[in-house]
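Down below is the structure, laid out as structure tokens.
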Amino acid sequence: MLVLLYVLTATFLLLHEIESAYVKEWEILRLPGKITGFLLMHVPILVGLFYGLYAVAALPQARTAVAVAVGAAGFLPWLVHKVFVRRKGCFETAMSNVIVYGSAICGLGLVVVALV
């Protein structure tokens, strides 16, 4: 169950980042470097997500910490785009809502399963 929830949370996070590039999230959040900075910022994020799957599946000593970290990260799209930085026309489509809320729900499930 832990691996499944990790994969679902990571998938929703990656889908959100694809959409983030489409809507130029670096402008919404006023991040430096435009698309180049945005892409470079995602290198360690992607490496962490992929390595995290290995850790959750094969490294018992890291499993809980990694699952909780990625589960908490699953809340970030919801927290940022539905609570703190709401922009008209951004992250409001039906698919965007599926991604944002799916990420939050799976992230919560991942944290709960990791800690139980």
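The values are calculated or read from the model by the stated rules, or taken from the named source; none is laboratory data. Values in this document were obtained by computation on a predicted structure and should not be read as measured data. We place every Cβ from the backbone using ideal geometry, glycine too, and count neighbours over all the protein chains shown. Just so you know, the surface numbers come from the protein's heavy atoms only, side chains and all, with ligands and any DNA or RNA stripped out. Shrake-Rupley method; radii C 1.70, N 1.55, O 1.52, S 1.80 Å.
Between ALA104, ALA94, ALA57, which gets the highest mean-square fluctuation from a Gaussian network model of the chain, Cα cutoff 10 Å?
ALA94
Just to confirm, what accessible area per residue do you get for the chain at 1.4 Å probe, in whole Å²?
Per-residue value: 59 Å².
Would you calculate a helix-derived [θ] at 222 nm for the chain, using -39,500 (n - 2.57) for each DSSP H run of n ≥ 4 and dividing by the full residue count, to the nearest 500?
-25000 deg cm²/dmol, from helical runs alone.
Where does each of VAL116, VAL111, VAL100 land when they are ordered by accessible area, with a 1.4 Å probe and the largest first?
Largest to smallest exposure gives the sequence VAL116, VAL111, VAL100.
Running a GNM on the chain with Cα contacts under 10 Å, which residue among GLY33, GLY52, GLY74 ends up with the highest mean-square fluctuation?
Looking only at GLY33, GLY52, GLY74, the biggest GNM fluctuation is shown by GLY33.
Specify the residue with the greatest mean-square fluctuation among TYR54, TYR101, TYR22, computed from a Gaussian network of the chain linking alpha-carbon atoms under 10 Å apart.
TYR22
Out of the total accessible area of the range 4-63 (probe 1.4 Å, heavy atoms of protein only), what percent is carbon and sulfur?
Reported share for carbon and sulfur atoms: 74 percent.
May I ask you to list the lysines whose Cα is less than 16 Å away from that of LYS24, ignoring any residue fewer than eight positions away on the same chain?
Within reach: LYS34, LYS88.
Please give the contour-minus-distance gain from HIS42 to MET1: 0.36 nm per residue of separation, less the Cα-Cα distance, rounded to one decimal in nm.
Length gained between HIS42 and MET1: 12.1 nm.
Label-point separation (nm) for ARG86 and PHE50, each offset 7 Å from Cα along Cα-to-Cβ?
So the label points at ARG86 and PHE50 sit 3.7 nm apart.
So how long is each side of the chain along the principal axes, counting just the alpha-carbon atoms, biggest first, in Å?
41, 27, 20
Does the range 63-116 come out rounded, prolate or oblate by the C-alpha gyration tensor, with a ≥ b ≥ c the root eigenvalues, rounded set by a/c under 1.5 and, if not, prolate when a/b is larger than b/c and oblate if not?
Verdict is prolate for the range 63-116.
How high is the relative contact order of the chain? Use alpha-carbon pairs under 8 Å, at least six apart in sequence, and give a whole percent.
Taking the mean separation of contacting Cα pairs over the length of the chain, I get 43 percent.
Mean projection of the alpha-carbon convex hull of the range 51-93 over all orientations, in nm²?
Orientation-averaged projected area of the Cα hull: 3.8 nm².
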